[in-house]
Amino acid sequence: MTFDEKYYNIGFLDQLSYKNTFVHRLDPRAKLIITLLFLFTVISFSKYEISALLPFFLYPMLLMTIGEIPFMFIAKKVILVAPFAVFIGIFNPLLDSGQVFISNGLTISAGWLSFFSILIKFTLTVSTALLLIATTSFPGVCHGLRQLGLPSLFVSQLSFLYRYIFVLMEETMRIVRARDMRSYGQRGKGMKVFVRLVGILFIRTVERAERIYYAMLSRGFQGDMPTLKRFHIKTGDVIFAVSVAAFLYIFRFYPATQILGRFVQGVFS
Amino acid sequence: MSHHIVEFKNVSFCYPDGTEALRDISFRITHGESVGIIGANGAGKSTLLLHMNGYLMPTSGTVNIGDLYLTRQTRQEIRRKVGIVFQNPDDQLFMPTVYEDVAFGPLNLGMDETAVRERVEYALNLVSGLELQNKPPHHLSCGQKSAVAIASVIAVEPDILAMDEPAANLDPRSRRLLINLLKTFEHSKIIASHDLDLIMDVCHRCIVIREGTVVADGPVMEILTNRQLLEENHLELPLSLQKR
C-alpha cells in the first residue's frame, strides 16, 4: 500500500465519524463507558470459553448496522492487526495438551480451545474499539474523556494528536512524492535518503510546534487548556447505556446460549 | 482613543545564530491606521511582527504598544492588545473543531460560557463562517481556514491586528473577500505582505524595510508608485498599476 492510500484510509475513518445516525448522536460519554464495560466483560471470561462469547458479536454488529459503518472496512482493519493475537495464542495448542470433551465422543485439545477463545476475544474487543472511533467524532471522544475526569493534560495531548496527524501526514506525503518524483526508479529510495527524510520531517515538526505555541500564546494561553461543557445526557443515551449494560450482565452471568439452546430443542422435540 | 499606538524606537534584534534581523528600526503607528509592511524575502518582516507580541524581545531599543513598554512582565497584557494572524492557518488553528478554536482566546480571558458563545458567533459571522463551527479544521479549504484563523483572533477583540501574508495561498475570490473584510475593520492594522495590490487596497500607509531597517515610510500611493524604490527592494509596481 502506498503512503497516499494509507493517508486516505485514515481520512475515511475520520469521515465516517461525522455521519449522522442514532449511534453517532449518542453522548460520547455513554459510548465510552459502555465500550469499556464491554471490553472488560469480554476479557473477564475464562480462557476456554467460546460458546458464551458468541452472543457478544451482537453488539458490534448492531453498532455497525445502525451506524451505517461498512462491514468490510472494519473487517480489514481487524485482519490487519490479527497477527498480534495469532502470535499470542499460537503456542497454546502445543503447550496445553489437555483434552476437552465436546459431544458424541468428539474431543479437542484444550490448547486449541483457548487459542480460538483468544481470537474471538480479540475480534470482539478490537472491532468494538474501532467502532467507537468510527461512530464518535474524535473531538467528541476527547470531550467525553475530559468530562469523565481524565486530566486535562492527557486530553489536550489527544486532541493535538488528532488535529495534527493529518497535517503531518500531508507533509510526509508531500516529501515522499517529491522524492519519488526525482528518484526515477530505485536510486534515492534507499535507507540513507529515508533517514534524511525522517530528519527533515522532525525538524519541520519542531518548527511547526514552535509556531503553534506562538499562536496559542497570542490568544492568552497560560498553561491550561480551557474546556467547554457541550453535551447533555438525553433519555436516548440513558436507554442505550442501561439496555446494553443489561445485555452484558445477562450474557455474562447466565448461560444464555445454553438456555436458548434448550429452549430451541424443546420447541423441536 | 489615542492610545492604540505601536511604536518601535531604535529596535535591534539578533537571532541566537548571529543573524542580525532588525537593525535600529524606528517607526510609530497611531490609532486606527492601517499600515502595510513590505520588503524583500528575509528583510525582517516576520521578525518585526513577532516583536509586536513579545515572542521575541528586542536585543536593544524599546517597543511601546498602547502605552505599555514591552517587557517580560507586560507581555501577557500586550498579547491581549495585539492579535497576530500567522501566515499558515494550520499553525493558527490548533483545536479539534472550529468552534473550540475560536473560543480558545475568549475562554483564556476567563469569560463565561454564554459570553464566549456570543463572541464566537459574532466573530465567525463576521468572516461568514458560522456554518463551519462544528467542523474539524482539516476538513476546511484553505480560504475557509484563513477566514477562521482571522475569526479566532477577532474573537479576542484586540485593539491592533497584525497579519503576516494574509492572502498567501488564497484563490482570487477568497482573496477579494478577505480584502473586503479587512476594509471593514476599524482596528489599527499592520499587514506584512508581498501582495502589493492588497496593501494598496487595504492600507493608507506603507513602510518599506530592507535588511532590518526602514528605508521608506509614507502614504501608500506615493510608495507603491515609486518604481525605482520598489525595484531596489526586489519588488515591482502593483499589478494594477502596470501597463500592459
Leading residue at positive end of dipole, the protein assembly as shown (Cβ point charges), from B:VAL153, A:HIS232, B:SER188
A:HIS232
The answer for chymotrypsin sites (Phe, Trp or Tyr not before Pro) in region A:1-101 that fall in a DSSP coil and have at most 15 neighbouring Cβ atoms within 10 Å is A:TYR18, A:TYR48, A:PHE91
In region B:6-241, how many lysine pairs have Cα atoms under 18 Å apart, counting only pairs 8 or more places apart or on different chains?
4
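Only bridges with both residues in chain B count here: give the DSSP antiparallel percent, nearest 5.
Values: 19 of 36 bridges.
The answer is about 55 percent antiparallel.
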Percent antiparallel among DSSP beta bridges (both partners in the protein assembly as shown, rounded to 5)
60 percent
Which angle from 0 to 90°, rounded to the nearest 10, does the C-alpha axis of helix A:191-218 make with the longest principal axis of chain A?
80 degrees
Sorted by Cβ neighbour density within 10 Å, fewest at the top, the residues A:GLU210, B:GLU186, B:GLU121:
B:GLU186, A:GLU210, B:GLU121
A:PHE45 paired with A:GLU5, simple spin-label distance in nm, labels 7 Å along Cα-to-beta-carbon:
3.4 nm
Considering the options A:MET169, A:PHE154, A:LEU94, tell which one lies farthest towards the positive end of the dipole of chain A, charges being +1 on Lys and Arg and -1 on Asp and Glu at the Cβ, about the Cα centre.
A:MET169
Return a single number: how many Lys pairs in chain A, at a sequence separation of 8 or more or on separate chains, have alpha-carbon atoms below 29 angstrom apart.
26
When you take every Cα atom in region B:1-74, what is the radius of gyration, and what is Dmax, the widest Cα pair distance, in Å?
12.3, 41
Place a +1 charge on the Cβ of each Lys and Arg in the protein assembly as shown and a -1 charge on the Cβ of each Asp and Glu, then give the dipole magnitude about the Cα centre in debye, rounded to the nearest 20.
1400 debye
Positive dipole terminus of chain A, leading residue within A:ILE200, A:VAL141, A:ASN20 (C-beta point charges):
A:ILE200
Magnitude of the charge dipole, chain A, Cβ model with Lys/Arg +1 and Asp/Glu -1, debye to 20
740 debye
Can you give the relative contact order of chain B as a percent, counting alpha carbon pairs under 8 Å and 6+ residues apart?
25 percent
Name the shape class, rounded, prolate or oblate, that the alpha-carbon gyration tensor gives for chain B, where a ≥ b ≥ c are the square roots of its eigenvalues, rounded holds for a/c under 1.5, and otherwise prolate holds if a/b is larger than b/c and oblate otherwise.
oblate
So what is the diffusion coefficient of chain A in µm² per second by Stokes-Einstein at 25 °C and 0.890 mPa s, using a Kirkwood Rh over Cα pairs?
110 µm²/s
Whole number please: convex hull volume per residue of the Cα set in the protein assembly as shown, in Å³?
216 Å³
Exposure proxy check on A:ARG25, A:ARG182: fewest-to-most Cβ neighbours within 10 Å is A:ARG182, A:ARG25
Taking the Cα centre of region B:6-241 as origin and charging only Cβ (+1 Lys, Arg; -1 Asp, Glu), how large is the dipole, in debye to the nearest 20?
140 debye
Across A:208-215, the residue-averaged tally of Cβ atoms belonging to other chains within 10 Å stands at 6
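Any read-out appearing in this document is the output of simple, stated calculations on the displayed coordinates, not a laboratory observation. The shown structure was predicted, so the numbers you read here are calculated from the model rather than taken from an experiment. Quick reminder, even Gly has a Cβ in these numbers, built from the backbone with ideal geometry, and neighbours come from all protein chains shown.
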